[in-house]
Amino acid sequence: MPGRQPSHSFADFECTGQIGANDPVAIVQLHSDIPNGGPLVLRDYADVAHPRTVCTFGTVGPVQLIDARHVVIGYDTAYAVVEIPELRYQWFELPVTPGWGSQFIAVSSGLDQIAWRSVDPQGTSSDYIHIATSAGDQIVATLRDTNEGRCSSPDDSRYGDYSSAGSHLYVMNQPLASQTSFLVFEGQSKVLSILPPAGDWPEGANPAMAVWSPTSETLLYRLGDDVWKWTAGADPAVFLPGVRWFYPTISADGAYLAYAVVRADALHDVYVVDLLHDGTPKLIGGGRHNYPVFVNATQLWLMAEALDTGCADSNQLTPKIYNVISGQEAGSIIDWTRFAWPATSSNW
């Protein structure tokens, strides 16, 4: 799937300074008082107390952070793996398909596989999942999709993601919540398949919100009202019974898991699990937090919530940084966290 650089300019993507290959990094939007918000930047957390902004993205933003030295940017059907900070581009292009077209999923950490989705041009209510390698493009799954389009919902998570080693890929195909299909591949072979029943998933029963461990071939995902764990070579097993989570995230060292749950007042609480010790979920920050994302091994970015009971009820969000070691919370200059590595998240 080789491609050429589009005719428009990418000169507004800039990097300065060095990035260690194993440095924890995050792509975030910094706070600004301008109407559309601050710049989207890559920050290096090798010195946690003094993170550095290394790259600034322009009009064409990232669609994937592969590791500390590689991002994927995309425009229309043209995409590029970009080596940073040198800004060396390797272009590829997804085939144009009728209807809703092509959808990028992910590039593997070995930079040797591209996962993508196409819609059946014959209108037979099917989606095709492709994995392209140097040997060619192969359809690895045909999935049901009777929805002529896709509307977002709070349950939406990444379309798919490779494990940190690149050995496995999950795909979360979400035309509708009731038709969600969840697959895991080893190479181009399917090793886990959770498909909607003949009558579609009952409300709330579908798989959602998957996240890889950054340190092992272990995948956590929600199925109905429980969190399940899948590990390469083993059968899935319930990991957190009775937990209907949102936005799970795992710290860069694999030691901590955080996630949000919905409260009775429609706000959220965030819980942290010490994966290396007791494994008991613990409420943090006194409650009323949402959208957690680890940006490194100890710092959890999240939003503090408050209900505005003025003329129109709405959630008021304030960005915070929570330290899982000290338990201290402080304000954050980050308005939104898009990606993190080697920390992982179900977001984006």
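The values are calculated or read from the model by the stated rules, or taken from the named source; none is laboratory data. Model, not experiment: these values are computed from the prediction. For neighbour counting, all protein chains shown are included, and Cβ atoms are generated from backbone atoms with ideal geometry for every residue, glycine included. These accessible areas exclude ligands, DNA and RNA; they are computed on the full protein's heavy atoms, side chains included. Shrake-Rupley method; radii C 1.70, N 1.55, O 1.52, S 1.80 Å.
Only one entry of V60, V96 meets the criterion of being open to solvent by 40 Å² or more (accessible area, probe 1.4 Å) and out of contact with any His (no Cβ under 6 Å at 6 or more places or on another chain), and that entry is V96. Cβ separations smaller than 7 Å between residues 6+ apart or across chains give the following pairs from the range 61-78 residues that are farther than 15 Å from W116 by Cα to residues that are of a type in the set (S, T, Y) and crowded, with 17+ Cβ neighbours inside 10 Å: I66/S109; D67/S109.
Condition first: out of contact with any strand residue (DSSP E or B) (no Cβ under 6 Å at 6 or more places or on another chain) and not hydroxyl-bearing (S, T, Y). Now tell me which residues in the range 31-64 satisfy that. Please lay out each step first, then the result.
Filtering the range 31-64 for residues out of contact with any strand residue (DSSP E or B) (no Cβ under 6 Å at 6 or more places or on another chain) gives 32-36, 45-50, 58-59.
Selection gives D33, I34, P35, N36, A46, D47, V48, A49, H50, G58.
Quick check, is V295 modelled with pLDDT of 95 or more and either more than 18 Å from V41 (Cα to Cα) or open to solvent by 50 Å² or more (accessible area, probe 1.4 Å) (or both)? Answer is no for this residue. Note on the range 221-234: residues that are touching a strand residue (DSSP E or B) at 6+ places or on another chain (Cβ under 6 Å), surrounded by fewer than 18 Cβ atoms within 10 Å (Cβ to Cβ) and touching a residue at least 40 places away in the same chain (Cβ under 8 Å) amount to 0.
Counting only residues that are outside any strand (DSSP E or B) and within 28 Å of D23 (Cβ to Cβ), which one in the range 278-292 is modelled with the highest pLDDT? Applying the filter and picking the extreme gives I284.
In the set (1) under 24 Å from V140 (Cα atoms); (2) open to solvent by 20 Å² or more (accessible area, probe 1.4 Å), A237 fails one condition alone, (1). Of the strands (runs of 3 or more DSSP E) that lie entirely inside the range 21-98, those containing 3 or more residues that are at pLDDT below 95 and more than 30 Å from I321 (Cα to Cα) span 78-83, 88-93. Here the condition is being open to solvent by less than 20 Å² (accessible area, probe 1.4 Å), within 27 Å of A68 (Cβ to Cβ) and touching a residue at least 12 places away in the same chain (Cβ under 8 Å); of W301, W336, W341, W348, it holds for W301 alone.
Those residues that are assigned to a strand (DSSP E or B) and either at pLDDT below 75 or open to solvent by less than 30 Å² (accessible area, probe 1.4 Å) (or both), I need them from the range 1-20; list them, please.
Matches in the range 1-20: P2, C15.
Taking the options S326, S314, name whichever one is open to solvent by 40 Å² or more (accessible area, probe 1.4 Å) and at pLDDT 95 or above. Reasoning before the result, please.
Numbers: S314 fails: at pLDDT 95 or above.
When all the criteria are applied, what remains is S326.
Scanning the range 240-253 for residues that are in contact (Cβ under 8 Å) with a residue 40 or more places away in the chain and open to solvent by 10 Å² or more (accessible area, probe 1.4 Å), we see that the one that is nearest to K229 (Cα to Cα) is L240. All conditions but one from (1) of a type in the set (V, I, T); (2) open to solvent by 10 Å² or more (accessible area, probe 1.4 Å); (3) outside any loop (DSSP other than H, G, I, E, B) apply to V270; the one that does not is (2).
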